[in-house]
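Note sheet for the following structure.
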Amino acid sequence: MEKKIFIKTFGCQMNEYDSNRIYDSVKKIGFKKTDKHEEASCYILNTCHIRDKAKEKVYHEVGRVKKLYRKKNKPILIVAGCVAQAENEEMLKREPYIDVVIGPQSYHKINEILENFKEKKRKEEIDFDTIQKFEYFDKIKNTSNKVSSFLTVQEGCDKFCHFCVVPFTRGPEYSRPFSKIINEAEDLIKNGVKEITLIGQNVNAYHHEENSKIYKISNLINELEKFSELERIRYTTSHPRDMTDDLIDCYSTSKKLMPFLHLPIQSGSNKILKLMNRKHTVEQYLDVFNKLKKINSSIELSSDFIIAYPGETEEDYNDTIQLIKKIKFINSFSFIFSPRPGTRASELKLIDDEISNDRLKNLQKILFFQQMEMNKSFQNKSVDVLVENEIKEQNKLFGRNKYLNSVIFKGDKKNIGKTIKVKIDSCNQNSLFGIIDHNNMRAA
Ligand code: SAM
Ligand code: SF4
Ligand code: F3S
């Protein structure tokens, strides 16, 4: 019987990258990727533990798989990702339908696990073996040929913000060797990739010593700049403390680095930032913002906000609102604080639900208004769009402008992979709509 694998991916870009690398790995032992979730012989749930009832959601997903395969051969069911790391053998004990639990640093063992799999020997792999993981994947070509692809350069986190589970699920900070990253980028570009987003939990903390030279993320950007067929460079997610001057300078030296930066601040109150153990102040954040704007006034920021962190007063909350109005973030994520098991903040007294919900609602209203204002500013202008794919149901093309806005328009498939000008005629909160600008008007 043909071996087919389906991976359902939750959470951040790191998981998306890992899922693709797992596909690349299991191909070597005869597994074919399928997009049909009901026909897999191996079914992987690549999970996220960052907020809310993450663990319960996984059991719920397992229930759905069980139902789906009730009248079929049971697939090997693997729970991977950050919930797997946090919950480990507990999952095998609680849910007999799960065959394997594997944490993000053990994916180099995936082929071995699948080849030796026997139903009666359920298994759990949760070591923090980041070096081995990447050494293993360095030997397997990254086959991603998406116009825009992720490339993991760094994994794990040593910052221990008091609310965050990542240091416990992804382990200590590790940066991949510079030369291996560039080799992988070269492969991606040969596959036709036009935009590379360097990713890591703290991507701008990237730091690797090779042949007595220290390489930082600015070195990676400068090296990628040299590939003539690569058109765009991005990186995410950054920590404000690691926005060093050499990285900020890249915005003046690089022609390919996009003028849009996701830089989470979490709160506009220094008191709350301290309670969160964020290791930066609002003033330091504003300093980075001002330096970037001085280099290029068209640079825009997006951010993450945690609302109703324990101890947040009305005044702290208003400081966050003031900061949002000052920076005019063009697109951001905001969440009510969610206590995560094992983190310092999980023991703290929660803010009343009603207050939390009101604060989030009001803050999102402001963020969405700003986002809409930015989107409207593109109307009647031509924007450079890197065309990523076709939306078959709508018979339209999908691409992104330099600020990562989705742009949807009519056009020929031959434009996929090209940067073309699209004249924007309308927008909603999430997307811009337009037509190809054959007159080649000035790009916004
Ligand atoms: N490393 C990034 C940084 O330091 O900004 C963030 C990575 S985290 C995967 C993504 C976002 O999830 C965070 O910026 C934060 O806003 C949110 N988050 C993390 N833990 C949370 C929690 N316990 N409750 C609510 N939101 C949380
Ligand atoms: Fe989590 Fe803080 Fe590390 Fe970001 S810097 S991954 S929020 S601990
Ligand atoms: Fe979630 Fe793990 Fe990413 S907790 S946000 S999948 S690092």
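The values are calculated or read from the model by the stated rules, or taken from the named source; none is laboratory data. Quick caveat, the model's predicted, so the values are computed rather than measured. Using ideal geometry, Cβ is built from the backbone for each residue, glycine included, and neighbour counts are taken over all protein chains shown. Please note that ligands, DNA and RNA were not included when accessible areas were found on the heavy atoms of the full protein model with its side chains. Shrake-Rupley method; radii C 1.70, N 1.55, O 1.52, S 1.80 Å.
Values as computed for the structure displayed
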| read-out | value |
| --- | --- |
| Segment 262-271 - residue that is within 12 Å of ligand 1 (Cβ to nearest atom) and not polar (S, T, N, Q) and, of those, most open to solvent (accessible area, probe 1.4 Å) | His262 |
| From the options Ser297, Ser302, Ser334, Ser338, residue that is open to solvent by 50 Å² or more (accessible area, probe 1.4 Å) and among the polar types (S, T, N, Q) | Ser297 |
| Residue among Ile351, Ile330 that is outside the structural domain of Leu432 (by TED's automatic domain parsing), assigned to a loop (DSSP other than H, G, I, E, B) and within 14 Å of ligand 1 (Cβ to nearest atom) | Ile351 |
| Qualifying residue in segment 65-81 (condition: under 30 Å from Thr343 (Cα atoms) and within 16 Å of ligand 1 (Cβ to nearest atom)) | yes |
| Residue match in segment 356-374 (condition: within 15 Å of ligand 1 (Cβ to nearest atom) and without any contact (Cβ under 8 Å) to a residue 40 or more places away in the chain) | yes |
| Any hit, segment 209-228, residues being within 14 Å of ligand 2 (Cβ to nearest atom) and either modelled with pLDDT of 95 or more or aromatic (Phe, Trp, Tyr) (or both) | no |
| Criterion: surrounded by fewer than 18 Cβ atoms within 10 Å (Cβ to Cβ), more than 22 Å from Cys12 (Cα to Cα) and without any contact (Cβ under 8 Å) to a residue 24 or more places away in the chain - qualifying residue of Lys53, Lys93 | Lys93 |
| Residues located in segment 354-404, provided they are touching a helix residue (DSSP H, G or I) at 6+ places or on another chain (Cβ under 9 Å), in a helix (DSSP H, G or I) and not hydrophobic (A, V, I, L, M, F, W, C) | Arg359, Asn362, Gln370 |
| Condition met for Ser346 (within 16 Å of ligand 1 (Cβ to nearest atom) and open to solvent by less than 10 Å² (accessible area, probe 1.4 Å)) | no |
